[in-house]
1. Within the set of pairs 6+ apart or on separate chains, which have a first residue in region B:24-52 that is in contact (Cβ under 8 Å) with a residue 60 or more places away in the chain, a second that is open to solvent by less than 40 Å² (accessible area, probe 1.4 Å) and among the hydrophobic types (A, V, I, L, M, F, W, C), and C-beta atoms under 8 Å apart?
2. Could you list, in sequence order, the residues of region A:256-295 that are more than 21 Å from the chain's Cα centre (by Cα) and not in a helix (DSSP H, G or I)?
3. Can you tell me which residue within region A:1-13, out of those that are touching a residue at least 40 places away in the same chain (Cβ under 8 Å) and open to solvent by 10 Å² or more (accessible area, probe 1.4 Å), is nearest to A:Gly131 (Cα to Cα)?
4. Please work out if B:Ser207 is under 30 Å from B:Val293 (Cβ atoms) and either outside the structural domain of B:Ala17 (by TED's automatic domain parsing) or surrounded by fewer than 24 Cβ atoms within 10 Å (Cβ to Cβ) (or both).
5. Hey, can you tell me all the residues within region A:78-134 that are among the charged types (D, E, K, R), crowded, with 22+ Cβ neighbours inside 10 Å and within 14 Å of chain B (Cβ to nearest Cβ)?
6. Does region A:119-129 contain any residue that is within 16 Å of A:Asp70 (Cα to Cα) and assigned by TED's automatic domain parsing to the domain that holds A:Ile60?
7. Return the only residue of B:Asn174, B:Asn217 being closer than 21 Å to A:Ala184 by Cβ, touching a Ser or Thr at 6+ places or on another chain (Cβ under 8 Å) and open to solvent by 10 Å² or more (accessible area, probe 1.4 Å).
8. Considering A:Val293, A:Val261, A:Val223, which residue is closer than 30 Å to B:Val291 by Cα, open to solvent by less than 10 Å² (accessible area, probe 1.4 Å) and modelled with pLDDT of 95 or more?
Protein chains: 2
Amino acid sequence: MARIGFIGLGIMGKPMAHNLLKAGHTLVVHSRSPGPVNELVEAGATAAPNPKSVAEQVDILITMLPNSPDVEKVIKGENGVLEGAREGLIIVDMSSIAPGVAQSLAKLAKEKAVTLLDAPVSGGEPKAIDGSLAIMVGGPADAFEKVQPILLNMGASAVHVGEVGAGNITKLANQVIVGVNIAAMSEALTLAAKAGADPAKVVDAISGGLAGSTVLNMKAPMVLKGNYKPGFRIELHIKDLNNALDTGAMVNSPLPLSAQVITMMKNLAEHGHQSDDHGGLIQYYEERAGVKVRG
Amino acid sequence: MARIGFIGLGIMGKPMAHNLLKAGHTLVVHSRSPGPVNELVEAGATAAPNPKSVAEQVDILITMLPNSPDVEKVIKGENGVLEGAREGLIIVDMSSIAPGVAQSLAKLAKEKAVTLLDAPVSGGEPKAIDGSLAIMVGGPADAFEKVQPILLNMGASAVHVGEVGAGNITKLANQVIVGVNIAAMSEALTLAAKAGADPAKVVDAISGGLAGSTVLNMKAPMVLKGNYKPGFRIELHIKDLNNALDTGAMVNSPLPLSAQVITMMKNLAEHGHQSDDHGGLIQYYEERAGVKVRG
């Protein structure tokens, strides 16, 4: 079993770290809040005072943090990972961040003979808990092969999608599709309700055809109950779509629908819905149409 | 077996009429072009010179026409269905038209003790041929029950979704979701390609998660080959989205993403892509990003 560092024990990171312990790995952890650190220590992990100290003790180091600036600080900041890293360390950043940031951190790491893989996940807290995340990995193939068995302790799949950055590009593509598919469902069901059809019957009639999607299967039942308990919070989807739009602007690729969807999501967030599940996007449509889609 | 009229033997109507003959029904047909009429007559149908004459000979009359004005003309025009209709006739309009038009035609029919159901289909030519269309039916429940066995000679499913008009509302909801989901896929895969990831690997990595959809399963393989042979033509999707936007404007329900998608589709149609499969929407993105998603 490997000696693994884990930095960032939030909603996602904590259950992921637990799954590594359960698989029998030796774990050195660090996180800002002491609660989750203590919980992991009770379960058998060792606590380290800062990212540098984690790096000094391990061969593989996983980071799971909110966004690009957090990852930059933990990797290249004072008492950061790169200060403590030995030659040959593999950093697996499982945060969802801007692909460009993953690429520049990988470049910086390489100067110290350290490899950085970007390996964001899809699936949310329930799949983090039961170890069935989908993990999208960018970076050198040999490093991917070394860490793949460890990733599979946290995920149902770990797919190598290309060079470093490709993991987060894939994640952004995922979030663009999910966000826009949720808006598509919202637009269609609001129209159906306002025009006088029964949205539940509409969903039944179209789910088996070309309009079928995992979003329709997972989110339409929530929408038909008016239940927006997360799941995946609107404010997090805003963060991901911001990264997608930034990346699109950087590489010159148009994202007109994502731009509309983020505007809707920001509007909802400003009106107190930031912690609703992203399926709650339909409320933007419902308010404007003056209709409720729920049964 | 029933005595059935069938008006409109186009790409969809001709194979649907063939399936009714195969099921053993007596068929009276009418269509503008003589070719398909002759083909059906050879297969055992009787030809009638106009919609009025069809109506005089049958108990159930199916129309399968391009758009609202065509249906209006055939039903209430000179020598139209309502001129020949006996009391108790059931008209099943399987065209995809504006829900409001279906509703006013049903009202007009009712004055002659004729019932009109709106029953648009989803699935395209291949499913019309093998009789596996998805049929969405609006109108009185008793009339629906009478015609359901006949509809199932043409479709894998025939679902009663509400009052007359609800069939087309459901179809519009379907087309909104399909069109926007195609745009979502296009936006995401173009970004992935332009940012340096392999679109085929991205599709593999995300299809099993929340981004999964029938559009991704059916259209991504076409997109990755640059193959836009229809399938369902962009110009037909423009027609359906026009009906969705008109209906949205009439009932006051916002369709911002559909409005963007129709703009993209019209732009492609103006540049010679009107007969491409709607999966060819990605060409709008590819041209603007200056990248090809195909492998």
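The values are calculated or read from the model by the stated rules, or taken from the named source; none is laboratory data. Keep in mind that this is a model prediction, so the values were computed, not measured. Backbone-built Cβ (ideal geometry, glycine too); neighbour counts: all protein chains shown. We work out accessible area using only protein heavy atoms, side chains counted, and drop any ligands, DNA or RNA first. Shrake-Rupley method; radii C 1.70, N 1.55, O 1.52, S 1.80 Å.
1. These pairs meet every condition: B:His25/B:Ala2; B:His25/B:Ile4; B:His25/B:Ile150.
2. Those that are more than 21 Å from the chain's Cα centre (by Cα) and not in a helix (DSSP H, G or I): A:Gly290, A:Val291, A:Lys292, A:Val293, A:Arg294, A:Gly295.
3. A:Met12
4. Answer is yes for this residue.
5. Listed by number, the list holds a single entry, A:Asp118.
6. For region A:119-129, residues within 16 Å of A:Asp70 (Cα to Cα) and assigned by TED's automatic domain parsing to the domain that holds A:Ile60: present.
7. Exactly one residue qualifies, and that residue is B:Asn217.
8. Residue meeting the stated conditions: A:Val261.
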